[in-house]
Ligand SMILES: *[C@@H]1O[C@H](CO)[C@@H](O)[C@H](O)[C@H]1NC(C)=O
Ligand SMILES: *[C@@H]1O[C@H](CO)[C@@H](O)[C@H](O)[C@H]1NC(C)=O
């Protein structure tokens, strides 16, 4: 009886070791197929793009006067950066969130990884701040350690597509933005009909772009601040840069790399969700004064070049088609 107890106890201990302590040991990225998370080989074209992005980044960041560490950044941009990097200690992951690049779904996944949420599909109103740890919450020493040892990830999106998505969401749906930004934009840039008649909910895309032109990119609202400015890819040597265009595949790649349990998958896009597409963007751009787009592009040119996006074609010839 005693013997039996010992055996049960020790096998229990073994189980605990297996489940608990061993789980703490960092597992190497799984190779080959894993049952739950779907795996597809990355198309060659994607690998090429990734390599181009990687080299462009290294080149651009190799230039003089570029801050190559978090501590070399001026205080303002550093604060912005540290407030945008979410920490997951369990899987040693740092994720720089960019609004309008699936960041709500990423936050969900991070909460599941942390055990604070049961499922990535849980239907809940996302509280964007609670239950998440940001680098800004930690001491300089803790930040240093994590930047050095954790897997650092950033997701990017076509810059103007991201702006259009922010525009449609914020001015189309969110009262707070209509009042805080919409009214101001109309007051500044609308000539006809009189701005006084507006509730800030009828900002046109052109008015929005006109507004961005006058904004300081270091102080902009995070929804339209350039990705470069938010996540500082020269100051933080990201291990992986995923794209919105290949969101699920890239996200699952990250989950592999950090050794996340295979049952945790990046959420599927909701059936009702209609993201802004290239075609929609093209439609908007063709209905925007060409000069305005041309003037605005330099403000987002770092995002275009570092992340290897081609500039939109806004020639009248192309728009006539
Ligand atoms: C760039 O390439 C290097 C060397 O292959 C790799 O270690 C690094 O993770 C890559 N970075 C990104 C963002 O893909
Ligand atoms: C833009 O579209 C026009 C018409 O299709 C084409 O002739 C032109 O080469 C394109 N420009 C660029 C930069 O892609």
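Here, each number is a calculation from the coordinates, and none is a lab measurement. Keep in mind it's a predicted model, so treat the numbers as computed, not measured. All Cβ positions, glycine included, derive from the backbone under ideal geometry; neighbour counts span all protein chains shown.
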Values of log10 I(q)/I(0), in the order q = 0.20, 0.22 Å⁻¹, for the stretch 82-193 under a Debye, Cα-only, solvent-free model: -1.11, -1.22
Contour minus Cα-Cα span, residue 290 to residue 55, at 0.36 nm per residue, comes to 81.5 nm
Three-way shape call for the stretch 82-125 based on the alpha-carbon gyration tensor, with the a/c threshold at 1.5: oblate
Taking the Cβ-Cβ separation of residue 317 and residue 264 as r and a Förster radius of 51 Å, what is the calculated FRET efficiency to the nearest 0.05? 0.60
Could you work out the mean projected area of the convex hull around the alpha carbons of the stretch 136-220, in square nanometres to one decimal? 7.6
Note on the stretch 106-259: contact order normalised by length, alpha-carbon pairs under 8 Å, 6 or more apart, percent, works out to 26
Suppose each label sits 7 Å from its Cα in the direction of the beta carbon; what would the residue 218-residue 45 distance come out to in nanometres? 4.0
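Write down the Kirkwood hydrodynamic radius of the stretch 109-259, to one decimal in angstroms, obtained as one divided by the mean of 1/r over all alpha carbon pairs. Don't skip to the answer; put the middle values down first.
Working: mean 1/r = 0.0548 Å⁻¹.
Evaluated on the stretch 109-259, it is 18.3 Å.
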How compact and how long is the stretch 193-321, expressed as Rg and Dmax of its alpha-carbon atoms in Å? 18.3, 57
Three semi-axes of the equivalent ellipsoid, the stretch 58-103, Cα gyration tensor, whole Å, largest first: 23, 13, 13
